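**Student:** I am attaching a structure below and will ask some questions about it afterwards.
The values are calculated or read from the model by the stated rules, or taken from the named source; none is laboratory data. The shown structure was predicted, so the numbers you read here are calculated from the model rather than taken from an experiment. Don't worry about glycine lacking a Cβ; one is built from the backbone with ideal geometry, like all the others, and counts go over all protein chains shown. The accessibility values were calculated without ligands, DNA or RNA, using every heavy atom of the protein model including side chains. Shrake-Rupley method; radii C 1.70, N 1.55, O 1.52, S 1.80 Å.
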Amino acid sequence: MLDPAFVRAQFPAFEEASLKGQAFFENAGGSYTCRPVIERLTRFYTERKVQPYAPYAASKLGGEEMDEARTRLAAMLGVGEDELSFGPSTTQNTYVLAQAFRQWMREGEAIVVTNQDHEANSGPWRRLAEEGIEVREWTVDPETGHLPLEGLEALLDEKVRLVCFPHCSNIVGEINPVVEITARAHAAGAFVCVDGVSYAPHGFPNVGHMGPDIYLFSSYKTYGPHQGVMVMRRELAQLLPNQGHWFNAGSLIKKFTPAGPDHAQVAACAGMADYIDALAAHHGITGAPSDRCTGVHDLMRAHETALLQPLLDDLKARNSVRLIGPSEATRKAPTVAVELPGPGEAAAAELARHGIMTGGGDFYGSRPLQAMGVDLEKGVLRLSFVHYTTEEEIDQLREALDVVL
């Protein structure tokens with residue numbers, strides 16, 4: 001079982017006096033940063049803040065640390081070192097990818113998007129309609145927010161070149177079956193792009209085993225600095241046109257990053273690998289990097305699932321709220337959206353008076369909310385946590401909800 005005391009000791013936020021007594025339930029918007037990342041970022045800015053890859057010591061060390069981040073994270077995710085790259089954000093990475101597909105695809109060909117997505121993995125793809133590319137929408141069940149597989153099957157044919165969907169929605173929270181969806185898309189001759197932003201904080205998946213051609217997530221939600229992490233399978237990366245400087249066209253880790261890298265933040269991403277390895281060592285998980293990562297993933301999910309079910313049961317039993325998404329913790333990430341009689345933001349403000357840090361609104365998920373009939377003016381209250389959340393904090397939240405709701 002996960003050791004919460006060890007976990008929380010890796011996060012300076014839990015030692016911060018100004019945060020004492022407050023329980024953090026807005027992790028879907030960004031997590032606390034783990035100590036190894038902070039230490040690496042501080043070291044880079046104080047000792048290595050120079051142009052990397054030059055022959056002098058500080059520069060060599062800076063470049064080596066940037067390479068270390070990519071190499072170790074790729075190994076943990078089960079992909080090749082040249083299949084992982086960094087960008088300013090996942091939103092920016094998705095926009096650049098959409099431009100590459102715009103140049104590669106032909107008028108009349110099609111892509112599939114969902115209305116379950118965060119706007120960052122929906123809007124850029126939908127804009128391809130302006131170039132004569134057909135955009136087909138895979139729609140959610142209006143009652144539950146679920147993405148039915150038969151809905152995808154009805155959209156697939158020989159014209160579809162790309163299927164885009166979330167590993168889990170930042171509103172619905174249901175974990176979509178990536179392996180099965182990918183297999184169906186591949187069988188129809190389409191590539192697959194998975195938005196993993198809302199899933200990766202709950203344990204890095206083995207992207208290599210799951211099989212999607214693109215997998216995207218944001219490191220500031222996985223206990224790291226503000227970067228977008230992008231996995232693109234080698235075959236697809238070689239196929240798509242270069243989006244970077246002409247002289248970077250031959251580098252798979254550079255051709256989809258028009259802007260230069262943020263040296264310090266890329267280097268600090270190695271701290272995320274440090275953290276995963278520390279959790280693995282403490283809990284006796286051994287093996288190859290991807291095996292250790294999978295073991296830590298399973299620890300995180302088991303801990304979160306045990307804490308999530310009582311909260312879901314509590315909310316489901318309240319007549320005054322509508323629980324969005326599944327009520328079974330095993331099917332859901334601990335991102336819990338509820339529709340209230342009044343604005344979600346107002347409820348979040350009331351919860352803050354009880355030491356609960358959370359938020360309300362649409363969270364860039366206006367499409368799924370509209371599909372489920374939620375008034376965007378009200379939005380939802382969103383309660384999100386991760387593996388460093390404790391049972392005591394769940395109790396604090398439930399007691400606060402008793403008062404506020």
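**Student:** Say each of residue 328 and residue 60 gets a label point 7 Å from the Cα, pointing the same way as Cα to Cβ; how far apart are those two points in nm?
**Tutor:** The answer from the label model is 5.7 nm.
**Student:** Once amide H atoms are built 1.01 Å from N in the peptide plane, which residues 5 or more positions from residue 244, or in another chain, come under 5 Å H to H?
**Tutor:** Amide H to amide H, under 5 Å and 5 or more residues apart or across chains, residue 244 pairs with 257.
**Student:** Please report, for the Cα atoms of the stretch 41-273, the Rg to one decimal and the Dmax as a whole number; what are they, in angstrom?
**Tutor:** Radius of gyration, then largest Cα-Cα span, for the stretch 41-273: 18.0, 61 Å.
**Student:** Next question. Rank by packing, highest mean first: peptides 222-233, 81-92, with packing defined as the count of other Cβ atoms within 10 Å averaged across residues.
**Tutor:** In decreasing order of mean packing, 222-233, 81-92 become 222-233, 81-92.
**Student:** Taking a probe of 1.4 Å, how large is the accessible area per residue of the stretch 1-117, in Å²?
**Tutor:** Heavy-atom accessible area per residue stands at 45 Å².
**Student:** Among the DSSP beta bridges whose two residues both lie in the stretch 41-273, what percent are antiparallel, rounded to the nearest 5?
**Tutor:** Roughly 40 percent of the beta bridges in the stretch 41-273 run antiparallel, per DSSP.
**Student:** How far is the Cα center of the stretch 68-82 from the Cα center of the stretch 359-405, in Å?
**Tutor:** Distance between centres, Cα-based: 34 Å.
**Student:** Suppose R0 equals 22 Å. What FRET efficiency, 1/(1 + (r/R0)^6) with r the Cβ-Cβ distance, do residue 247 and residue 103 give to the nearest 0.05?
**Tutor:** So the FRET efficiency works out to roughly 0.75.
**Student:** Using DSSP to call loops (not H, G, I, E or B), can you name the GluC sites (Glu not before Pro) in the stretch 320-369 whose Cβ has at most 16 other Cβ atoms within 10 angstrom?
**Tutor:** Qualifying residues, ordered by number: 328.
**Student:** When the Cα centres of the stretch 234-254 and the stretch 151-204 are compared, how far apart do they sit, in Å?
**Tutor:** 24
**Student:** How much mean residue ellipticity at 222 nm does the chain get from its helices, if each DSSP H run of length 4 or more adds -39500 (n - 2.57) and you divide by all residues, to the nearest 500 deg cm²/dmol?
**Tutor:** One gets -12000 deg cm²/dmol as the mean residue ellipticity at 222 nm.
**Student:** Only helices at least 27 Å long along their axis, Cα-based, and averaging -1.0 or more on Kyte-Doolittle count here, so list those DSSP H runs from the chain.
**Tutor:** 57-77, 289-316
**Student:** A further question on this structure: Taking amide H atoms as placed 1.01 Å from N in the peptide plane, list the residues 5 or more away in sequence, or in a different chain, whose amide H sits under 5 Å from that of residue 356.
**Tutor:** 23
**Student:** Using only the heavy atoms of the protein chains and a 1.4 Å probe, how would 14, 247 rank by accessible area, largest first?
**Tutor:** 247, 14
**Student:** Something else: Whole-Hz Karplus ³J(HN,Hα) for the stretch 114-123, in order, using 6.51 cos²θ - 1.76 cosθ + 1.60 and θ = phi - 60°, x for Gly and Pro?
**Tutor:** 10, 9, 9, 6, 4, 4, 5, 9, 9, x
**Student:** Quick one: with all protein chains in place, what share of the accessible area of the stretch 1-137 is carbon or sulfur, to the nearest percent (1.4 Å probe)?
**Tutor:** Roughly 51 percent, rounded to a whole number.
**Student:** Considering only the chain, what is the antiparallel percent among its DSSP beta bridges, to the nearest 5?
**Tutor:** The antiparallel proportion sits near 50 percent.
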